Amino acid sequence: MTFIVPGEADGYCAEAAREKNSRTLVLSNDSDLMIHDLGKNGAFGSLHQLKVGNLTEVNENAGAQSHCVAKTKIIEPCHVAHRFGLESLLTLAYAIKTIPSQPWFPIKEAVEYAKKTKVSQTQMNSKLSEYTTLPSTFASRYCNSMLLQNHRTSTHFRDPRLLEFILQSHEATRCIYLPILYEDPTRKSAYIPSTMIRRFVYTCTLLLRGNPKNKEVLEYARRGQQILPTTLKALSKSEMIIHASSLAGSFSTIISTFSTLNLHMTMLCRLVALKEVYKWHLDNDYPPPTRHAMATALSGKVKGLISWDDLHLHAQVEAALYSLRMVKQTLGFLLPLMTETESQNMDQRMVTALQLVDGRVKDLPDLAELMPSREELAKQVKDVDIDEVLDRLAGLLWEEVEGESGDADEKNKGGIEADVVGGASAPSGGKEVKSDKKIKKRKKKKPNQI
């Protein structure tokens, strides 16, 4: 059984060890756990020193039997403290932290100093609050009782990164670290095309958790060869409503466009993600993905070594899928916490928009199913006509771009051009074309395929 907890897990592990009457071992790479009170029977073991092997036992009746055995060195903090003549290792930690003018201290002298130093509970709490504060007290500082209750009862399938962000969303500074992707490190981060989806997520969180004044989020992801933060601003209410309608509409149009092909929900989600990525390329004047790269992203089939183009597009699609999953989990977690009064005080168009998106994304499969390996993806779509899928997607994209460019043409009396992608005419912009000279409108021809 796995539990996701707010803040650091150390205190919760220590609390669980204290509650057990039997011998309990806490495995971790964080040696700070030795300072926590693990109870009389609690012990700490380092994951770095854990060794796994086979042990063969010979039984007269069953013969030789092999068992998997894990071994590691353990430390019993209570026993060590008694050997030092101390009540607990907390007093030793306090002594080491408060010894004047000493960057380091021999352990023997530190123990003697700890024995001579009288420490009140108030002093201990001021210097070592992270070890003396009960997890329930810590958690109550970060979230209200309803949030804690929902956190405890419905987080077995939640993303720890997202939950940490939700719990810190009321603070002055809030950040989130996105998962590392297999992508081309010489190009822009694969997360960039799906940035608007995540801004929608962050705005939903801030809006449903009190709408604080500071509406900025630090999002950590690869930039160049480093992991660096990007400051993202929350959307305005009007932008929220527009984006919610657009996101819900993407699911609706994909489902209706491919309804006769009986595609699995996983493939429909990949198509929504691919559509978002493709449109980002058009809207930002980047060359759109080729038909071959899109076919690879949908089918997982590669002849020989995968190209950097294929790899990066695959990463962009996975980033969009991860972002859609963030939408599902955020709305599924926070919407049930809205009281009737809070719902009535919010813009009803906003409430309706959020509920509409929630209805579209609630059936998203698990992450393992959304992001299978290339081999597993190929098995999922072995009976799918990828050419037919791409042809329909091309028609859908062209209709949307044609509608957007039509509005721009009417206002600016300009025109849009069509590039050739994969041997067929396809839109390259989705933006108006500006020039000092008068631009003649060109007759647009709907492509049969991307």
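Selection within the stretch 199-242: residues that are in a helix (DSSP H, G or I) and touching a Lys or Arg at 6+ places or on another chain (Cβ under 8 Å). The member of this set that is farthest from HIS281 (Cα to Cα) is LEU206. Residues that are in contact (Cβ under 8 Å) with a residue 12 or more places away in the chain and acidic (Asp, Glu): does the stretch 313-332 have at least one? Checked the stretch 313-332: at least one residue is in contact (Cβ under 8 Å) with a residue 12 or more places away in the chain and acidic (Asp, Glu). Once the stretch 156-198 is narrowed to residues that are outside any loop (DSSP other than H, G, I, E, B) and among the aromatic types (Phe, Trp, Tyr), the residue that is surrounded by the most Cβ atoms within 10 Å (Cβ to Cβ) is PHE165. In the stretch 18-36, the residues that are of a type in the set (Asp, Glu) reach residues that are open to solvent by less than 50 Å² (accessible area, probe 1.4 Å) with C-beta atoms within less than 8 angstrom, at least six apart or across chains, in these pairs: GLU19/GLY39; ASP30/ASP10; ASP32/ASP10; ASP32/TYR131. For the stretch 1-25, the candidate set comprises residues that are of a type in the set (A, V, I, L, M) and open to solvent by 80 Å² or more (accessible area, probe 1.4 Å); within that set, the residue that is modelled with the highest pLDDT is LEU25.
Residues in the stretch 219-254 that are open to solvent by less than 40 Å² (accessible area, probe 1.4 Å) and touching a strand residue (DSSP E or B) at 6+ places or on another chain (Cβ under 6 Å) were compared, and the one that is nearest to MET326 (Cα to Cα) is GLU219. Would you confirm whether any residue within the stretch 114-124 is touching a helix residue (DSSP H, G or I) at 6+ places or on another chain (Cβ under 7 Å), under 25 Å from ASP10 (Cα atoms) and at pLDDT below 70? Yes - at least one qualifying residue is present in the stretch 114-124. The residues of the stretch 249-284 that are of a type in the set (Asp, Glu) and over 22 Å from GLY300 (Cβ atoms) amount to a single one, ASP283.
Taken across the stretch 375-385, residues that are exposed (fewer than 15 other Cβ atoms within 10 Å of the Cβ), under 25 Å from LYS328 (Cα atoms) and at pLDDT below 90 do occur, with at least one present.
Taken as a whole, the stretch 324-334 holds no residue that is surrounded by fewer than 14 Cβ atoms within 10 Å (Cβ to Cβ), within 26 Å of ARG360 (Cα to Cα) and out of contact with any Phe, Trp or Tyr (no Cβ under 7 Å at 6 or more places or on another chain). Selection of the stretch 292-305 for residues being over 26 Å from the mean Cα position of the chain (by Cα) and β-branched (Val, Ile, Thr) yields only VAL302. Note on the stretch 362-374: residues that are within 27 Å of SER245 (Cα to Cα), assigned to a loop (DSSP other than H, G, I, E, B) and open to solvent by 40 Å² or more (accessible area, probe 1.4 Å) amount to 4. Residue-level analysis places GLN149 among those that are closer than 30 Å to THR205 by Cβ and modelled with pLDDT under 75. Under the condition of being closer than 24 Å to LYS382 by Cα, at pLDDT 90 or above and either crowded, with 16+ Cβ neighbours inside 10 Å or charged (D, E, K, R) (or both), the residues counted in the stretch 293-323 number 21.
When TYR12 is tested against the conditions (1) assigned to a helix (DSSP H, G or I); (2) touching a residue at least 12 places away in the same chain (Cβ under 8 Å); (3) within 27 Å of GLU112 (Cα to Cα), the lone failure is (3).
The values are calculated or read from the model by the stated rules, or taken from the named source; none is laboratory data. In this text the structure is predicted, and so the values were computed from the model without any measurement. Backbone-built Cβ (ideal geometry, glycine too); neighbour counts: all protein chains shown. Ligands, DNA and RNA are excluded from the accessible area calculation, which covers all protein heavy atoms including side chains. Shrake-Rupley method; radii C 1.70, N 1.55, O 1.52, S 1.80 Å.
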